[in-house]
Amino acid sequence: MIPPVQSPMTVADYCAAMDRNEIAPNNEYQRSDKVWPPAARSFFIETILLGYPSPKIFLFQKTDLKSKKTVKEIVDGQQRSKTIHEFFHNRMSLSKRSEIETARGKTYDQLDDHLKGRFLTYQLSIDLFVSVSTAEIRQAFRRLNSYTVPLNPEELRHADYQGEFKWFVYQLTRDYEESILHLGVLTEKHIVRMQDTKLFAECIHALIHGVKTTRPKDLDNLYKEFDKEFPPAEAIRARLEQAMGFITDLPEIHNGPLMKPHVFYALLLAVSHSLAPTEPLGDVFDAPTQFVFDRNVAVTNLTALAEALEVDSPEEKFVPFVLACASKTNVDTQRKTRIQWLGKALQSSLL
């Protein structure tokens, strides 16, 4: 097989070629008949406007012997191509929650000249297959997919769902990515594989449905339930912002055993429920109606729990907490025990 030719094109040239029908979709190659929702299309255009790289587009050049015309069929990248073309022709607008403030809710014509220029001159990475058969293209993609690292449940979920909840969680991870790294909760490698996405999704699941044993199917259902709209978005965003700020202001416990993901999950919920009691967590522990935070008490108690997790023989009174942190980390009973202990540690009733 003749290798594909790297043939980058600007967005302006690519859209002009689509207008002339020199580049056209071929639905036989379409791997999914799902149409990107507005949030996903807006995100892709923002990627271009911000200058971030985007996946390659693969084209297959064919020549009609009768008409003597050459057409480049879109083998991979049809949704991206359609999105670019529609924005180019003002048939879609960006999200009103776009990261680019000056572009929120706007079509191409409504952008300022700087952003228009960035869009039109953006270089699309394109591989062009020439003088090959359809069978060879099919085999090339089979081989390409054989070397791809299998997607984990979080990556699959974010590929399948493109609605409100997916983009809400995505924005949370953007907002707290540096904090999660600084606190020592996850590493760069974990974040690349979207483990921060899993962490926040599980916390949101608990804030809505209570603390449960969450399996991949449960998180799938959460994304599905709020795919079209996510009414509690602002309330949950404010709650998590408050809890994250609280934990960030306790450097004494950072980069320690309380920052392990399964313990941090419990700490985040314990802090949130203490600061603003919420019904879904009411069966875990009774939060005071007016939480009075004593920093010295909280740091002393949380430090004692952290030390109990690090020693070979913890004090007897801490053994239930240690056992809950050591095994069955995703089971509801262990999760509730951890949250109860951490909730007490924030008050004055632990030591």
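If we scan the range 193-200, do we find a residue that is exposed (fewer than 14 other Cβ atoms within 10 Å of the Cβ), within 30 Å of VAL284 (Cβ to Cβ) and free of Cβ contacts under 8 Å to residues at least 40 places away in the same chain?
Step one: list which residues in the range 193-200 are exposed (fewer than 14 other Cβ atoms within 10 Å of the Cβ), which gives none.
No.
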Legend entry - Neighbours by Cβ (under 8 Å, 6+ apart or cross-chain): first from the range 58-83, among the basic types (Lys, Arg); second surrounded by 11 or more Cβ atoms within 10 Å (Cβ to Cβ) and assigned to a helix (DSSP H, G or I): LYS72/ALA17; ARG80/PHE44
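Does GLU225 satisfy the criteria of being free of Cβ contacts under 8 Å to residues at least 60 places away in the same chain, out of contact with any Phe, Trp or Tyr (no Cβ under 6 Å at 6 or more places or on another chain), surrounded by fewer than 20 Cβ atoms within 10 Å (Cβ to Cβ) and acidic (Asp, Glu)? It would help to see each step written out before you state the result.
On the way: free of Cβ contacts under 8 Å to residues at least 60 places away in the same chain: no; out of contact with any Phe, Trp or Tyr (no Cβ under 6 Å at 6 or more places or on another chain): yes; surrounded by fewer than 20 Cβ atoms within 10 Å (Cβ to Cβ): yes; acidic (Asp, Glu): yes.
It is false that GLU225 is free of Cβ contacts under 8 Å to residues at least 60 places away in the same chain, out of contact with any Phe, Trp or Tyr (no Cβ under 6 Å at 6 or more places or on another chain), surrounded by fewer than 20 Cβ atoms within 10 Å (Cβ to Cβ) and acidic (Asp, Glu).
Does at least one position in the range 290-303 carry a residue that is in the same structural domain as GLU202 (by TED's automatic domain parsing), over 19 Å from HIS209 (Cβ atoms), touching a Pro at 6+ places or on another chain (Cβ under 9 Å) and not in a helix (DSSP H, G or I)?
First, the residues of the range 290-303 that are in the same structural domain as GLU202 (by TED's automatic domain parsing): 290-303.
Now drop any that are not over 19 Å from HIS209 (Cβ atoms), which leaves 290-303.
Of the ones still in play, those that are also touching a Pro at 6+ places or on another chain (Cβ under 9 Å) are 291.
From the residues that got through so far, the ones that are not in a helix (DSSP H, G or I) too are 291.
Yes, the range 290-303 contains at least one residue that is in the same structural domain as GLU202 (by TED's automatic domain parsing), over 19 Å from HIS209 (Cβ atoms), touching a Pro at 6+ places or on another chain (Cβ under 9 Å) and not in a helix (DSSP H, G or I).
Which residue out of LEU267, LEU281 is within 25 Å of the chain's Cα centre (by Cα) and under 11 Å from LEU346 (Cα atoms)?
Details: LEU281 fails: under 11 Å from LEU346 (Cα atoms).
The match here is LEU267.
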Legend entry - Counted residues, the range 300-318 - those being under 36 Å from the mean Cα position of the chain (by Cα) and surrounded by 12 or more Cβ atoms within 10 Å (Cβ to Cβ): 11
Inset, instruction - Answer yes or no as to whether ASP312 is of a type in the set (Asp, Glu) and either within 26 Å of THR248 (Cβ to Cβ) or modelled with pLDDT of 95 or more (or both). - result: no
Legend entry - Filter result for the condition that a residue is surrounded by fewer than 17 Cβ atoms within 10 Å (Cβ to Cβ), over 15 Å from ARG335 (Cβ atoms), touching a Phe, Trp or Tyr at 6+ places or on another chain (Cβ under 9 Å) and without any contact (Cβ under 8 Å) to a residue 40 or more places away in the chain, over PRO232, PRO251: PRO232
Inset, instruction - Could you check, for the range 335-345, whether at least one of its residues is over 23 Å from ASP294 (Cα atoms) and of a type in the set (A, V, I, L, M, F, W, C)? - result: no
Legend entry - Residue, surrounded by the fewest Cβ atoms within 10 Å (Cβ to Cβ), within the range 319-351, restricted to residues that are among the polar types (S, T, N, Q) and more than 32 Å from the chain's Cα centre (by Cα): SER349
Legend entry - Those residues of the range 276-299 which are buried (at least 16 other Cβ atoms within 10 Å of the Cβ) and over 19 Å from ILE236 (Cα atoms), in sequence order: PHE285, VAL297, ALA298
Legend entry - Matching residues in the range 201-213 - criterion: being surrounded by fewer than 20 Cβ atoms within 10 Å (Cβ to Cβ) and either out of contact with any helix residue (DSSP H, G or I) (no Cβ under 9 Å at 6 or more places or on another chain) or of a type in the set (Val, Ile, Thr) (or both): ILE208, THR213
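The values are calculated or read from the model by the stated rules, or taken from the named source; none is laboratory data. Just so you know, these numbers come straight off a predicted model, no measurement behind them. Cβ sites come from the backbone with ideal geometry, for glycine too, and all protein chains shown count toward neighbours.
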